[in-house]
Ligand code: BES
Ligand code: ZN
């Protein structure tokens, strides 16, 4: 009898694994048990695009991981082949020549500090990894959601704000925090500030240690800090402003594509999108913003430069990042103006990303704070764009 019970248990376990073809994972988050099912089948072929003008190719997941190791940038369009096909004018929008809401911006800017950034990034990098299909990645996204919610719940009653989970086919959620605009006739217009929350160890993607402090814990905390001061300062924008924390960027921009596709289908008018991916590494170089000039909206990028000049204390330098470098590319593909800022010129970026060595001790929080200043300036200025004088 003593031997039969374990045997029966073993058989049942095998049957569940074989028949279910789904791994059920229990994750403990803040003492709550969350059950997550990893539905993705690793043997599926993926449709991968590595260049705007090249046809997409079907690849196994192992082949996709080889691209990651080689540093070949790619977009996984398997589930979003139709992104950018809803007919709309793709002509570039005009942005103001220079910023004009200095007083409002400084009200929030003076509340910025590195204290909460340090605490939150320490917690965020303590998850074994934040891989989009792992239980750790699921847990880190729930932790982040609760943190954002905790900040939003402290807002004064007159601040109209919501925090939503955006669920995907995989276990890690994306998160959208939204400030409603005061002009109720313009609810479809939106200004977006984004970062990706997932991380990857390129040598052992599914279960390797990947702190992802810089890529992109830094961008995640940069925009979290901007969000915090806006909430605490009582931000009431004229147009809606959203903060997005994307899942599965490292797998080919999966989270941002899913959200951009939804917005495109809903005919939302995305005024502008700013991506923050890697904002913390300076190394032994002079500090500057890297302003990405390829695969971005030119007019918006020019406006971002003027925001850096006005609201931050360091200069900018033009740089290029290539096709599908980060989530701004999903918004661009959907036909919306997007821009991308990074910690430095690409050649001087953190050399340890996608490895166990992408750790917090290599980051400069004052540098990250400069990006938070930009994010605050971007949110305030563009939320008034319909009232600004155009060129
Ligand atoms: N943060 C990186 C982008 C990056 C890498 C910028 C190196 C500057 C220097 C981003 O998370 C990333 O890893 N992108 C992938 C492409 C993605 C679609 C898988 C890349 O660069 O290989
Ligand atoms: Zn990355």
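Within the range 298-337, restricting attention to residues that are without any contact (Cβ under 8 Å) to a residue 40 or more places away in the chain, in contact with a strand residue (DSSP E or B) (Cβ under 6 Å, 6 or more places away or on another chain) and assigned to a helix (DSSP H, G or I), the residue that is farthest from residue 373 (Cα to Cα) is 332. Within the range 64-80, can you find the residues that are free of Cβ contacts under 8 Å to residues at least 60 places away in the same chain and in contact with a strand residue (DSSP E or B) (Cβ under 8 Å, 6 or more places away or on another chain)? Across the range 64-80, the qualifying residues are 67, 78.
For the range 353-377, filtering for residues that are more than 25 Å from residue 48 (Cα to Cα), part of a loop (DSSP other than H, G, I, E, B) and within 16 Å of ligand 2 (Cβ to nearest atom) leaves 5.
Would you mind stating whether residue 280 is in a loop (DSSP other than H, G, I, E, B), within 16 Å of ligand 2 (Cβ to nearest atom) and over 17 Å from residue 373 (Cα atoms)? Answer is no for this residue. The residue list 225, 232, 249 contains one member that is closer than 25 Å to residue 48 by Cα, touching a residue at least 60 places away in the same chain (Cβ under 8 Å) and either within 12 Å of the chain's Cα centre (by Cα) or more than 13 Å from ligand 2 (Cβ to nearest atom) (or both), which is 249.
Against the test of being surrounded by fewer than 23 Cβ atoms within 10 Å (Cβ to Cβ) and under 28 Å from residue 362 (Cα atoms), the options 220, 206 yield a single qualifying residue, 206.
Considering the range 175-200, and only residues there that are in contact with a helix residue (DSSP H, G or I) (Cβ under 6 Å, 6 or more places away or on another chain) and away from ligand 2 (no atom under 16 Å from the Cβ), the residue that is farthest from residue 211 (Cα to Cα) turns out to be 191. Checking each residue of the range 127-143 against the condition of being in a helix (DSSP H, G or I) and more than 17 Å from the chain's Cα centre (by Cα) gives at least one match.
Which one of 212, 255, 280 is buried (at least 24 other Cβ atoms within 10 Å of the Cβ) and in contact with a strand residue (DSSP E or B) (Cβ under 6 Å, 6 or more places away or on another chain)? Spell out the reasoning first.
Numbers: 212 fails: in contact with a strand residue (DSSP E or B) (Cβ under 6 Å, 6 or more places away or on another chain); 280 fails: in contact with a strand residue (DSSP E or B) (Cβ under 6 Å, 6 or more places away or on another chain).
Every option except 255 fails the conditions.
For every residue, the table says whether it meets (1) surrounded by 15 or more Cβ atoms within 10 Å (Cβ to Cβ); (2) touching a residue at least 12 places away in the same chain (Cβ under 8 Å); (3) closer than 20 Å to residue 327 by Cβ.
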site	(1), (2), (3)
60	no, yes, no
107	yes, yes, no
121	yes, yes, yes
150	no, no, no
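The residue that is farthest from ligand 2 (Cβ to nearest atom), counting only those in the range 333-352 that are within 20 Å of residue 303 (Cα to Cα) and surrounded by fewer than 22 Cβ atoms within 10 Å (Cβ to Cβ), is 335. If we scan the range 308-322, do we find a residue that is out of contact with any helix residue (DSSP H, G or I) (no Cβ under 8 Å at 6 or more places or on another chain) and near ligand 1 (Cβ under 10 Å from one of its atoms)? Yes, some residue in the range 308-322 is out of contact with any helix residue (DSSP H, G or I) (no Cβ under 8 Å at 6 or more places or on another chain) and near ligand 1 (Cβ under 10 Å from one of its atoms). Restricting 78, 72 to residues that are more than 16 Å from ligand 2 (Cβ to nearest atom) and part of a loop (DSSP other than H, G, I, E, B) narrows the list to 78.
Being over 15 Å from the mean Cα position of the chain (by Cα) and within 15 Å of ligand 1 (Cβ to nearest atom) is true of residue 210. With respect to the conditions (1) within 16 Å of ligand 1 (Cβ to nearest atom); (2) within 25 Å of residue 99 (Cα to Cα); (3) assigned to a loop (DSSP other than H, G, I, E, B); (4) in contact (Cβ under 8 Å) with a residue 40 or more places away in the chain, residue 294 falls short on a single one, namely (4).
Quick note: the coordinates plus some simple rules give every number you see, no bench work behind them. These numbers come from a predicted model, not from an experiment. Heads up, the Cβs are rebuilt from the backbone with ideal geometry, glycines too, and the neighbour counts pull from every protein chain shown.
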